[in-house]
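One structure below.
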Amino acid sequence: HFLSAIAIASVLLCLLFSILRMIPLANAVGMFFVVIMLLYAISNEGITKGIFFFIIAATFGLFFEIIGVLFGVPFGKYHYNPIEPLLFGLVPISVILMWFVVTYTARAVTEIIIPKNVTPNKIHILLVLAFLDALIATSWDIIMDPVMVNVIGMWTWEEQGLSLIHISEPTRPLYISY
């Protein structure tokens, strides 16, 4: 797929520009990536389902991020640093949009592993699909979070816990939230 190749290139460019601290360029590529993933979702699911998935994922992301920032649940206590505008003064808009990107990417990869023609009418298949989605989304975060925290300084963990790749303890509760 052409869109898949563009999506992969966008992720790599965004990561590279982030590491080089070229934040405006990384943000621009990141927003381009969001648009590409939305087009990819629409091409795979149809316009209604693709946009619905986008809205649901972004809304869930906003909810979890606001709860996380205000109450430290489910990820632990953290706050976003004001390196870009914060929605409601709490969460960067790019973070909300990335919830869609991460969850839809996880779904797309899961469908490569278990194609759509495998009917998820049995509970064990649904559980396997959910587990794979969560595993893929968490894997994405394990790769991106150290860059976002240690290189870009997007957020700061207020509680220290079990260290995993130079980030505090978000992975277990993050996996559950996905």
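The values are calculated or read from the model by the stated rules, or taken from the named source; none is laboratory data. Keep in mind that this is a model prediction, so the values were computed, not measured. Neighbour counts are summed over all protein chains in view; Cβ atoms, including those assigned to glycine, are modelled from backbone coordinates with ideal geometry. Keep in mind that these areas ignore ligands, DNA and RNA; they rest on the heavy atoms of the full protein, side chains included. Shrake-Rupley method; radii C 1.70, N 1.55, O 1.52, S 1.80 Å.
A 1.4 Å probe, protein heavy atoms only, puts the accessible area of Lys49 near 140 Å². Only protein heavy atoms count here; under a 1.4 Å probe, Ile56 has an accessible surface of about 70 Å².
Element breakdown for region 62-141 at a 1.4 angstrom probe: carbon and sulfur atoms account for 76% of the accessible area. A Cβ-based charge dipole, computed about the Cα centre of region 1-131 with Lys and Arg at +1 and Asp and Glu at -1, lands at about 180 debye. The largest accessible area among His124, His79 belongs to the first residue in His124, His79, and the rest follow in falling order (1.4 Å probe, all chains).
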